[in-house]
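The values are calculated or read from the model by the stated rules, or taken from the named source; none is laboratory data. All figures in this text were calculated on a predicted structure; none of them were measured in a lab. So basically every Cβ, Gly included, is an ideal-geometry build from the backbone, and we count neighbours across all protein chains shown.
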Amino acid sequence: MIDSIIDDLIAKEGGYVNHPSDRGGETNFGITVAVARQNGYQGAMKDLTKAQAKQIYLSQYWHRPNFDLINTVSPAVAIELLDAGVLSGTATASRWLQLALNRLNMREKLYADLKEDGNIGQKTVDALSDFMRHRRSQGGERVLVTALNCLQGNHFMITAVERHNLNEDFVFGWIKHRIKL
């Protein structure tokens, strides 16, 4: 399952790009030069293979942030976190999940509030499990994915551009290819 999800993500990201407005610099299959180097790749970014990119996605964006644990409870949420984590950072995507779960727990009636620290551990997985147990039959999974999309869209429209005005060059594509309500 994760292989096809990463294949879909790579298809969205495309191949080699070196856009002058992208602070990440050279990118291939959505992997920035900095992330490639952090994961041991030392070659030219144009030469990064799809297989190498897939391994980086699996390690850096799936296992390391524990999105694989989220997948055991809700594959749809895990896929959304992977996608958001690639563009916005895995800690940011994880904080969005914690924030959304906190806002959807009816003032702690369903489960205790989470610390919004961007670290997915057992408490976050348990809160997601509790949320799904209480809300799945009411469309809860779709509501949670929609909430994550809204947070990501807000990030694209406001936060990313406020941090770096040149990100405005990418907002249309980010919204077009990443936000699904």
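Residues checked against (1) charged (D, E, K, R); (2) outside the structural domain of residue 151 (by TED's automatic domain parsing); (3) in a loop (DSSP other than H, G, I, E, B); (4) modelled with pLDDT under 95:
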residue: 21; (1), (2), (3), (4): no, yes, yes, yes
residue: 24; (1), (2), (3), (4): no, yes, yes, yes
residue: 37; (1), (2), (3), (4): yes, yes, no, no
residue: 40; (1), (2), (3), (4): no, yes, yes, no
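Taken over region 72-86, the criterion of being under 18 Å from residue 130 (Cα atoms) and either in contact with a helix residue (DSSP H, G or I) (Cβ under 7 Å, 6 or more places away or on another chain) or surrounded by 22 or more Cβ atoms within 10 Å (Cβ to Cβ) (or both) is satisfied by 73, 74, 76, 77, 78. For region 33-52, check the following and say yes or no: at least one residue is touching a residue at least 40 places away in the same chain (Cβ under 8 Å) and surrounded by fewer than 19 Cβ atoms within 10 Å (Cβ to Cβ). Yes, that holds for at least one residue.
Scoring residue 86 on the criteria (1) assigned to a helix (DSSP H, G or I); (2) more than 17 Å from residue 6 (Cβ to Cβ) leaves a single failure, condition (2).
In this structure, residue 102 does not qualify as surrounded by 13 or more Cβ atoms within 10 Å (Cβ to Cβ), out of contact with any Phe, Trp or Tyr (no Cβ under 8 Å at 6 or more places or on another chain) and not in a helix (DSSP H, G or I).
Can you confirm whether residue 137 is at negative phi, surrounded by 15 or more Cβ atoms within 10 Å (Cβ to Cβ), polar (S, T, N, Q) and assigned to a helix (DSSP H, G or I)?
Values: at negative phi: yes; surrounded by 15 or more Cβ atoms within 10 Å (Cβ to Cβ): no; polar (S, T, N, Q): yes; assigned to a helix (DSSP H, G or I): yes.
No: the conditions fail for residue 137.
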